[in-house]
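The values are calculated or read from the model by the stated rules, or taken from the named source; none is laboratory data. Here the structure is a predicted model, which is why all the values come from computation and not from measurement. In this analysis, Cβ positions are derived from the backbone assuming ideal geometry, glycine residues included, and neighbour counts consider all displayed protein chains.
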Amino acid sequence: MRCPTKTGRSSDLALEYLSSRLEPETAQELERHCAECPACREYFAAQRAVWQILDEWEAPPTSPGFDRELQRRIAAEKARGKWWRTLWAPFTPRMLKPAAAFAGLAVIVAAAVLLRTPAPVSREAAQRGSEAVDVEQIEQVVEDLDMLYLLDPVVLDETVKPAGAAEPDKVGSLTNVRRRGKCA
Amino acid sequence: MAAVATLERDSELMLRVREGDGESFALLLERHRRPVIHFLYRMLQDQAVAEELAQEVFLRVYRARNSYEPTAKFTTWLFRIATHLALNWIRDNQKRLANHASLDEEPVDGPALQVADMRPNVEQELLRRARREEVKRAIARLPEKQRAAVLMHKYSEMEYSQIAAVLGCSESAVKSLLFRAYETLRKRLAHLAVSPTKGTRSRGGRSSEPGLEFR
Ligand SMILES: [Zn+2]
């Protein structure tokens with residue numbers, strides 16, 4: 001084996017060696033090399049030490065009521081699903097999407113009007129309060145739109161979406177993760 | 001081989017959940033409850049929060065039963081949801097987290113250490129707890145993505161490809177996250193590099209000493 005320290009492969013090899021993913025022959029080669037090479041011996045021993053220290057941290061046991069609580073929530077959700085379906089029964093699935101879109105549009109228009117219409121307050125008060133009010137109103141609009149967006153998968157869950165269709169929100173979309181940038 | 005079998009079984013179970021089979025969901029829960037909760041616990045270092053978020057993870061799995069596609073490995077999918085929730089929770093609780101350096105357990109240097117009757121097992125237990133606290137602190141101080149990557153690699157024994165799929169980046173990016181994370185941990189935890197059970201410190205505490213010989 002060529003010296004991993006010299007070839008710059010030591011980090012890579014250490015990860016695979018310590019997680020027992022290295023081929024047995026390669027692992028033995030590495031061990032033989034470490035017996036002869038002080039630099040590699042020191043490096044791999046240090047990595048192994050960290051690995052062993054991390055083993056000392058065990059997670060606590062799970063609460064005994066965990067499954068029961070989950071069952072309760074699923075049951076509650078099923079009941080809520082039925083309630084939603086009853087509520088939305090007059091709307092056919094085909095009607096629902098345009099309706100939701102229209103409602104969303106209405107919220108945006110209403111928000112735009114609210115934001116542009118000067119409030120009947122004194123100039124001073126307006127200056128003082130305008131920033132806070134604007135932020136509040138925008139947040140409210142965003143919340144409303146979120147609600148409409150959330151409504152969609154809940155109501156359409158079993159009726160409209162073709163089985164197997166990709167539904168990023170349902171698989172815990174990583175939008176936020178991605179927005180924060182690359183891994184490295 | 002075993003991984004492939006598990007993949008088939010998990011996805012088969014999930015497809016049966018789609019058909020309304022509650023037993024299959026219970027089986028999936030039984031199989032993945034611990035790894036998910038443990039991951040969330042180590043990520044957030046708060047057992048109550050970890051269990052609460054794990055509830056949400058499995059609720060989402062249940063909700064998504066109709067759109068589930070067996071193409072993605074079930075574990076990867078599960079950890080994507082868990083990581084997503086954990087990162088969101090961290091983002092929403094950053095202030096709270098800043099005020100609590102160590103999160104879950106009581107400090108180890110409290111009155112317990114002043115107990116006069118220091119029987120060996122009590123002493124050893126305190127030592128173990130102190131070491132564990134240091135490990136927790138060192139991991140908690142890692143950047144979120146490095147932390148998630150290390151936890152999946154070290155404790156959940158996931159492959160680079162799976163971690164990459166969970167974090168939405170390339171395998172080489174995952175390796176780079178891991179290199180940096182383990183290197184930081186090595187620096188922060190080097191002083192603990194003696195087993196508490198041996199009770200002896202290798203001379204000078206150097207890792208190259210025979211006390212820590214390389215197998
Ligand atoms: Zn070497």
Per-region count, segment B:11-21, residues under 14 Å from B:Thr75 (Cβ atoms) and either modelled with pLDDT of 90 or more or loosely packed, with under 14 Cβ neighbours inside 10 Å (or both): 2
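Would it be correct to say that A:Pro4 is within 16 Å of the ligand (Cβ to nearest atom) and surrounded by 18 or more Cβ atoms within 10 Å (Cβ to Cβ)? Break it down into steps so the answer makes sense when it comes.
Working: within 16 Å of the ligand (Cβ to nearest atom): yes; surrounded by 18 or more Cβ atoms within 10 Å (Cβ to Cβ): yes.
Against the criterion (within 16 Å of the ligand (Cβ to nearest atom) and surrounded by 18 or more Cβ atoms within 10 Å (Cβ to Cβ)), A:Pro4 qualifies.
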Condition broken by B:His84, with the remaining ones in (1) part of a helix (DSSP H, G or I); (2) at the interface with another protein chain (Cβ under 7 Å from one of its Cβ atoms); (3) surrounded by fewer than 22 Cβ atoms within 10 Å (Cβ to Cβ); (4) not aliphatic (A, V, I, L, M) satisfied: (3)
In segment A:8-42, the residues that are surrounded by 15 or more Cβ atoms within 10 Å (Cβ to Cβ), acidic (Asp, Glu) and within 11 Å of the ligand (Cβ to nearest atom): A:Glu42
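Give segment A:48-61 a look and list any residue that's assigned to a helix (DSSP H, G or I) and either surrounded by fewer than 17 Cβ atoms within 10 Å (Cβ to Cβ) or under 31 Å from the mean Cα position of the chain (by Cα) (or both), or say none.
First pass over segment A:48-61, keeping only residues assigned to a helix (DSSP H, G or I): A:48-55.
Result: A:Val50, A:Trp51, A:Gln52, A:Ile53, A:Leu54, A:Asp55.
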